[in-house]
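Enquirer: Mind looking over this structure? Questions follow.
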Amino acid sequence: MDKLLIRGGNRLEGELRASGAKNSALKMFAAALLADGPVAISNVPHLRDITTMIELLGFLGVEVVINEKMDVEIHANTIKRFRAPYELVKTMRASFNVLGPMLAHYGQAEVSLPGGCAIGPRPVDQHLLGLEALGANIEMVEGYVNASVDGRLQGAHIIFDICTVGGTEHIMMTATLAEGQTVLENCAREPEIVDLADCLNAMGADVQGAGTDCITINGVESLSGCHHRVIADRVETGTYLIAAAATGGRVRIQNANPEHLEVLISKLREAGAKILIGDDWIELDMEGRRPKAVSLVTAPYPAFPTDLQAQIIALNCVAEGTSTIKETIFENRFMHVHEMNRMGAKIRLEGNNTTAIVEGVEKLTGAPVMANDLRASVSLVIAGLIAQGDTIVDRIYHIDRGYEQVEEKLQNLGADIKRLATS
Ligand code: UD1
């Protein structure tokens, strides 16, 4: 298993280009199963999760053509199988979202219950509730969800019990081929949902209200192919902004969307960063200063994203003052805390492990560390960048799931980081 070796202490300085959003692209790959013609997606990041999704489509018999720029063209009408196996779904929860599109288009689907990052139980009850409301017959058989429908799915009025990104996306795309109107309430409002709705509408769907808590879908009989460009990855962008701020550095990120990161930008300003923004770039300058501690609560968009919680804790480890970070989206999402404490951080968990109190220290010390979720792993890389001495981050296959060329991008910013490959 590959590891990353980081010699801490360098300020990050320079410019980089944000990659396309993994969490958008993955759902568009699932949505392509709704179309009769080829769906071309560009600005797709080159990541392990994307490869897993392409492998899954390949398993279904779907032809996927990729060029050297990672433009991906999906020909769903070549589909031969309607079963997504455990081996492919277990590593990535987003793959569960092929269930609804296959069902809506072909009337049948069998998909294993998902896996993904080890952050809490992460059930799919809201996905199933939505599909059943649209008229799906659902049976659970040996860890698989077997779904079928006689004729077309039917539009419905669905109120989600909780705010779920994947659930909103799954039911929104499935309803595009249902007969009649579907109204979804208590929807998540993440930018990736808006991006997916734009892609669906380019395929000929009629989806209104994405980005608000109420989405209306007027079902159509068929969807065509389209071309769609994925938005910038706000979590990747946010990660590099936090990393630069934590090291006292300066970074300009091109191809980013500052509108999607408003709350992070205001938190980083609170931490002492000077930030300039343009239409598609963000520039942060810490001018060598030590960050000030920032407290926050994670919550659904537009509030502070849970996917940047671990990274902001890394910054708070060496900040001036004490911060309180409350996690409200996932249980069990503080695994990085124990590893950071091994590097000399002073963090304690309270409130049944829902809140981290971080007392800023002058310095961290390098150590061998590992984490078993994507964002926790990258937060340990940030901790390594600000620590004195060497840090080895193990199990970085998690990072490869979500960060394109992480060590190259950091090296270009002046970090002393290298991959230790094991055969
Ligand atoms: C997506 C993102 C992930 C991000 C998360 C929250 C992708 C591929 N992943 O994950 O990076 O951290 O949004 O912003 O887009 N829940 C239920 N029942 C359900 C569905 C969810 O109880 O049927 C719970 C989950 O366990 C969790 C909360 O709802 O506690 C939010 O989950 P959800 O928004 O669905 O996250 P994902 O779509 O899995």
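The values are calculated or read from the model by the stated rules, or taken from the named source; none is laboratory data. As the structure is a computational prediction, the values presented were derived from the model and not from experiment. Cβ atoms come from the backbone with ideal geometry, glycine included; neighbour counts cover every protein chain shown. SASA here: full protein model, heavy atoms, side chains in, ligands and nucleic acids out. Shrake-Rupley method; radii C 1.70, N 1.55, O 1.52, S 1.80 Å.
Enquirer: I'd like the FRET efficiency for E362 and R342, computed as 1/(1 + (r/R0)^6) with the beta carbon distance as r and R0 of 25 Å, rounded to 0.05.
Expert: Numbers: r = 17 Å, r/R0 = 0.68.
Working from the Cβ atoms, E equals 0.90.
Enquirer: Here's something else I'd like to know. How much of the accessible area of region 291-377, probe 1.4 Å, is carbon plus sulfur, in whole percent?
Expert: Values: 1670 of 3310 Å².
That share works out to 50 percent.
Enquirer: In debye, nearest 20: dipole of region 38-183 around its Cα centre with unit charges on the Cβ of K, R (+) and D, E (-)? Walk me through the numbers before you get to the answer.
Expert: Numbers: 9 positive and 16 negative charges, 33 e Å.
Charge dipole of region 38-183: 160 debye, to the nearest 20.
Enquirer: Hey, what number do you get for the chain at 222 nm if only DSSP H runs of n ≥ 4 count, each worth -39500 (n - 2.57), divided across all residues, to the nearest 500? Present the calculation step by step, with values, prior to reporting the outcome.
Expert: On the way: 14 runs with 131 residues, N = 423.
Calculated from helices alone, the mean residue ellipticity at 222 nm is -9000 deg cm²/dmol.
Enquirer: Separate question: Tell me the label-point distance for the pair L113, K418, using the 7 Å Cα-to-Cβ offset, in nm and rounded to one decimal.
Expert: Between L113 and K418, the label points sit 4.5 nm apart.
Enquirer: Could you do me a favour and compute the accessible area per residue for region 236-319, 1.4 Å probe, result in Å²?
Expert: On the way: 2670 Å² over 84 residues.
Here the per-residue accessible area is 32 Å².
Enquirer: Counting only pairs 8 or more residues apart or on different chains, how many lysine pairs in the chain have their Cα atoms under 19 Å apart?
Expert: Pairs that pass both the separation and distance tests number 16.
Enquirer: How many angstrom lie between the C-alpha centres of region 16-78 and region 306-320?
Expert: Using only Cα atoms to place each centre, the spacing works out to 32 Å.
Enquirer: Among D279, D373, D307, which one shows the biggest mean-square fluctuation in a GNM of the chain, springs joining Cα atoms closer than 10 Å?
Expert: So, out of D279, D373, D307, the one fluctuating most is D279.
Enquirer: Sticking with this one: Nearest 20 debye, what's the magnitude of the dipole of the chain about its Cα centre given +1 on Lys and Arg Cβ and -1 on Asp and Glu Cβ?
Expert: On the way: 38 positive and 54 negative charges, 286 e Å.
In total the dipole reaches around 1380 debye.
Enquirer: Next question, about the same structure. Leaving out ligands and nucleic acids, note down the accessible area per residue over region 1-122 with a 1.4 angstrom probe, in whole Å². Display every interim value, and only then the final one.
Expert: Working: 4540 Å² over 122 residues.
Here the residues of region 1-122 average 37 Å² of exposed surface.
Enquirer: Quick one: work out the % antiparallel among DSSP beta bridges in the chain, nearest 5.
Expert: Values: 54 of 80 bridges.
Approximately 70 percent, going by the DSSP bridge assignments.
Enquirer: May I pose another question? Pop out the carbon and sulfur fraction of the accessible area of region 57-188 as a percent, whole number, probe 1.4 Å.
Expert: On the way: 2680 of 5370 Å².
On region 57-188, the fraction of accessible area on carbon and sulfur atoms equals 50 percent.
Enquirer: Quick one: if the Förster radius is 41 Å, what FRET efficiency do I138 and E408 give, using the C-beta to C-beta distance and rounding to 0.05? List each step's numbers first, then the result.
Expert: Details: r = 44 Å, r/R0 = 1.08.
Rounded to the nearest 0.05, the efficiency is 0.40.
Enquirer: Between Y106 and N372, what length in nm is gained on full extension when 0.36 nm per residue of separation is reduced by their alpha carbon distance? Write out the running numbers ahead of the final one.
Expert: Working: separation 266, 0.36 × 266 = 95.76 nm, distance 3.64 nm.
This chain segment gains 92.1 nm when fully extended.
Enquirer: Y397 to C214: FRET efficiency via 1/(1 + (r/R0)^6), r the Cβ-Cβ distance, R0 45 Å, to the nearest 0.05?
Expert: Working: r = 39 Å, r/R0 = 0.86.
Rounded to the nearest 0.05, the efficiency is 0.70.
Enquirer: Here is a further query. Starting from 0.36 nm per residue, how many nanometres of slack lie between S224 and Y86 once their C-alpha separation is accounted for? Show your work: numbers first, answer last.
Expert: Numbers: separation 138, 0.36 × 138 = 49.68 nm, distance 2.96 nm.
Value of the extension gain: 46.7 nm.
Enquirer: Could you list which residues have their amide H under 5 Å from that of A84, counting only those 5 or more apart in sequence or on another chain, with H placed in the peptide plane?
Expert: Distant-sequence amide H within range of A84: E110, V111, S112.
Enquirer: Moving on. Given points 7 Å out from each Cα along the Cα-Cβ axis, report the S266 to R152 separation in nanometres with one decimal.
Expert: 4.3
Enquirer: Enter the angle in degrees (range 0 to 90, nearest 10) between the Cα long axis of helix 22-31 and the first principal axis of the Cα atoms of the chain, meaning the one along which they spread out most.
Expert: 10
Enquirer: If you don't mind, another one. What range in the chain is the longest one free of GluC sites (Glu not before Pro) that are in a loop by DSSP and have at most 12 other Cβ atoms within 10 angstrom? List each step's numbers first, then the result.
Expert: Values: sites that count: E68, E142, E221, E287, E362.
The answer is 143-220.
Enquirer: If you don't mind, there's one more thing I want to ask. Distance between Cα centroids, region 285-303 to region 152-215: provide it in whole Å.
Expert: If you average the Cα positions of each part, the centres end up 31 Å apart.
Enquirer: Tell me, what % of the accessible area of region 6-54 is carbon and sulfur with a 1.4 angstrom probe?
Expert: Details: 600 of 1420 Å².
Taking all protein chains in place, region 6-54 shows 42 percent carbon and sulfur surface.
Enquirer: Next question. Among M53, M92, L16, whose Cα projects farthest towards the positive end of the dipole of region 8-136, with charges put on the beta-carbon of Lys, Arg (+1) and Asp, Glu (-1)?
Expert: M92
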